[in-house]
Amino acid sequence: MTLRLYDTATREVRDFVPLEEGRAGVYVCGLTVQSEPHVGHVRSGVNFDVLQRWLRHSGYDVTFIRNVTDIDDKILGKAEALGRPWYAHAATMKRELDAAYAALNVAPPTYEPAATGHVPEMVELIEALIEKGHAYAAEDGSGDVYFDVRSWPAYGELTSQRIDDMEAAEDADPRGKRDPRDFALWKGRKESEPSTASWPSPWGRGRPGWHIECSAMAGKYLGSAFDIHGGGVDLRFPHHENEQAQSRAAGHPFASYWMHNAWITTAGEKMSKSLGNSLTIPSVLQRFRGIELRFYLVASHYRSHVEFSFEALEESAAGFRRVEGFLDRAGEVEPGALPQGFVDAMDDDLGTPAAVAVLYDAVREGNRLLQAGDAAGARERAGAVRAMLGVLGLDPADPAWGASSRAEDKAQAALDMLIRARMDERRAARENRDFALADAIRDELKNAGISVQDGPDRDYQWSLD
RNA sequence: GGUGGGUUGGCCGAGAGGCGAGGCAACGGACUGCAAAUCCGUCUACACGGGUUCAAAUCCCGUACCCACCUCCA
């Protein structure tokens, strides 16, 4: 079976056929760095990271581009409210985003272009569109440039909408537009905006519209035509529709496949609307490890809507700890071969839920072998488990999860020694059949946040709750 | 008004005409001094009403409810 992907444009799962044998060009819309990243933001990062890893595993030479929008209305607005320069605020939020991706083991893209670094490319693209009669400078002297949707008959093809059925943007200032649905390619500078937020152009100083950024950057790094374009479902319209219209109107074939990840909501609403900041990545990471959050995100299909809850995250984490427990018990092994069921699941539009089911099958089988005393058999299963986890970016042994710092190592060693002393006492108590004392010791450790497990022999294991 | 998606067992969450996905929880058993961990077993579900079919959670028609997008959101 070959890799099959759901293409939003054709609304069907179809074989992935790259433009060039053995290579895959992928462009994913990254974030607008305007606020702290929350769980919803990183879902896209994790989902497309899985795509990237699976393509690589499947033998493709992948060029993965994920942009950063570092100039837009929200950034300007928030920076002003904070009394900081917009670029400083954007840079701060970019670092937060990087930290969030790192905490979730989202591999860095091949390149991560920023919008502000590609204004000349955008201007060039806009000029080409004007020349071909698909864009025009506003006649009201605003310095805006708009894309002429009526000039492009295919407009609406990505989301199967007809221009006449669309609601016109109400807030958009209709002045200077030929059709209310025309969208801005270039925004003339407004007096109220900082001068640092504008660049020279043939139409006067201004800044690029949101959609043109991605067309220009995808074209620059992936070429006129490339394989996969991804992003969140909300971007289908207008962002992706507009991107495709611009690029194709300018003569570029653009993306062959469109992939969109579904939303993750809380209490039935978008995270961006939910109050408070309990769902920002740093705050979630105070309660769960990055690997647990990533497992939770990977265990559901990227096209399925997920209703986030800490209860569900806890259940998912409990399951993942069982996987880790097996690996701990099986001993160190190198990643082995992937079970065919896993490969088939992943090839079927990145069927991570089915892939995770195969993972659990291997864990259960491995535990069973371990219990039966078949250490070699168990290690083989452990090798498969590690291989599967590796593809999903969930291998606990991956140094990306943070090789513990030196200080942590020392603390760990110190704790280990203290616990060993208490466990020696506990074993002595058990041998004397003083179970009250034995239980008291275990309870004492439990109260300190340390869970211990022991059997009839000398062996025991401990872990922090 | 237009476009797209959804409703699955106590909970989470796959599947998309016929073989009990999987996880979490619970309960029973094995193992343990007792626990924990692990394994075995139990819990046979697909919003509602029709229809097609030898066979429907899956296809068709209808109904109800939910969600997303159609202005800046992953």
Review point. Of all accessible surface on the range A:361-465 at a 1.4 Å probe, what whole percent is carbon and sulfur?
Key: 50
Revision key, fill the gap. Check: C-alpha center the range A:47-101 vs C-alpha center the range A:292-338, spacing in Å is 25
Exercise for review: Just name one of A:GLY383, A:ASN367, A:ALA345: the one whose Cα is farthest towards the positive end of the charge dipole of the range A:306-401 (beta-carbon charges, Lys/Arg +1, Asp/Glu -1).
Suggested key: A:ASN367
Study note, to complete from the structure: Given a Förster distance of 25 Å, the FRET efficiency implied by the Cβ-Cβ spacing of A:ASP344 and A:ALA400, rounded to the nearest 0.05, works out to 0.40
**Study point:** Additional length obtainable on full extension of the chain from A:ALA376 to A:ARG322, 0.36 nm per residue less Cα span
**Key:** 17.5 nm
Practice item. Only loop residues by DSSP count here, and only those with at most 10 other Cβ atoms within 10 Å; note down the GluC sites (Glu not before Pro) in the range A:1-105 that meet that. Key: A:GLU21
Revision key, fill the gap. Dividing the alpha-carbon radius of gyration of the range A:4-266 by 2.2 N^0.38 Å, where N counts its residues, gives 1.00
Check your understanding: For the pair A:LYS220 and A:ILE163, what calculated FRET efficiency results from E = 1/(1 + (r/R0)^6), where r is the Cβ-Cβ distance and R0 = 30 Å, to the nearest 0.05?
Key -> 0.55
Practice item. Note down the nm distance, to one decimal, between modelled labels 7 Å out along Cα→Cβ at A:PHE310 and at A:TYR360. Key: 2.4
Review point. If only Cα atoms are counted, what is the Rg of the range A:16-170, and what is its Dmax, in Å?
Key: 18.9, 54
Point to revise | P(r) of the range A:306-401 over all Cα-Cα pairs, binned every 10 Å from zero, in whole percent | key: 17, 47, 31, 6, 0
Check your understanding: How much accessible surface area, in Å² rounded to 10, belongs to the heavy atoms of A:HIS211 with a 1.4 Å probe?
Key -> 20
**Study point:** For the range A:410-464, alpha-carbon Rg and Dmax in angstrom
**Key:** 10.8, 34
Point to revise | Probe 1.4 Å, accessible area per residue of chain A, Å² | key: 47
**Study point:** Portion, in percent, of the accessible area of the range A:1-137 that falls on carbon or sulfur, probe 1.4 Å
**Key:** 50
**Study point:** Extension gain (nm, one decimal) between A:GLU425 and A:ASP73, 0.36 nm per residue minus Cα-Cα
**Key:** 120.2 nm
Exercise for review: Kindly express, to the nearest 10 degrees and within the range 0 to 90, the angle between helix A:352-371's C-alpha long axis and the longest C-alpha principal axis of chain A.
Suggested key: 10
Point to revise | Kirkwood estimate for the range A:80-170, i.e. one over the average of 1/r between Cα atoms, Å | key: 17.4
Revision key, fill the gap. Here, A:ASN432 and A:VAL17, labelled 7 Å along Cα→Cβ, have an inter-label distance in nm of 7.9
Review point. Where does the charge balance sit around A:GLY22 when Lys and Arg score +1, Asp and Glu -1, over other residues with C-beta under 12 Å from its C-beta?
Key: -2
**Study point:** Net charge of Cβ neighbours under 15 Å - reference A:PRO109; Lys, Arg +1; Asp, Glu -1
**Key:** 0
Review point. Two-decimal Rg/Rh of the range A:1-67 from alpha-carbon positions, Kirkwood Rh?
Key: 1.01
Point to revise | Estimated dipole of the range A:306-401 in Debye, rounded to 20 [Cβ of Lys and Arg +1, of Asp and Glu -1, Cα centre] | key: 440
Exercise for review: Assuming 0.692 mPa s and 37 °C, estimate D for chain A with Stokes-Einstein, Rh taken as the Kirkwood radius over Cα pairs, in µm²/s.
Suggested key: 131
Point to revise | Neighbourhood charge, 14 Å Cβ-Cβ cut-off, centred on A:PRO339 and excluding it, Lys, Arg +1 and Asp, Glu -1 | key: -2
Check your understanding: When all protein chains stay in place, what accessible area (Å², nearest 10, 1.4 Å probe) is found for A:LEU327?
Key -> 20
Point to revise | Net charge dipole size for chain A [Lys, Arg +1 and Asp, Glu -1 on Cβ; Debye, nearest 20] | key: 620
Study note, to complete from the structure: Between the residues A:GLY331, A:ILE281, A:THR69, the Cα farthest towards the positive end of the dipole of chain A, that dipole coming from +1 and -1 charges on the beta-carbon of Lys, Arg, Asp and Glu, is from A:GLY331
Practice item. Quote the accessible area belonging to A:LYS190 in square angstrom, nearest 10, computed with a 1.4 Å probe and with ligands, DNA and RNA left uncounted. Key: 110
Review point. Between A:THR196 and A:SER451, what length in nm is gained on full extension when 0.36 nm per residue of separation is reduced by their alpha carbon distance?
Key: 86.2 nm
Review point. How far is helix A:375-391 tilted, in degrees, relative to the longest principal axis of the Cα atoms in chain A, given as a value from 0 to 90 rounded to the nearest 10?
Key: 20
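The values are calculated or read from the model by the stated rules, or taken from the named source; none is laboratory data. This structure is a prediction, so every number in the text was calculated from the model and none was measured. Quick reminder, even Gly has a Cβ in these numbers, built from the backbone with ideal geometry, and neighbours come from all protein chains shown. Please note that ligands, DNA and RNA were not included when accessible areas were found on the heavy atoms of the full protein model with its side chains. Shrake-Rupley method; radii C 1.70, N 1.55, O 1.52, S 1.80 Å.
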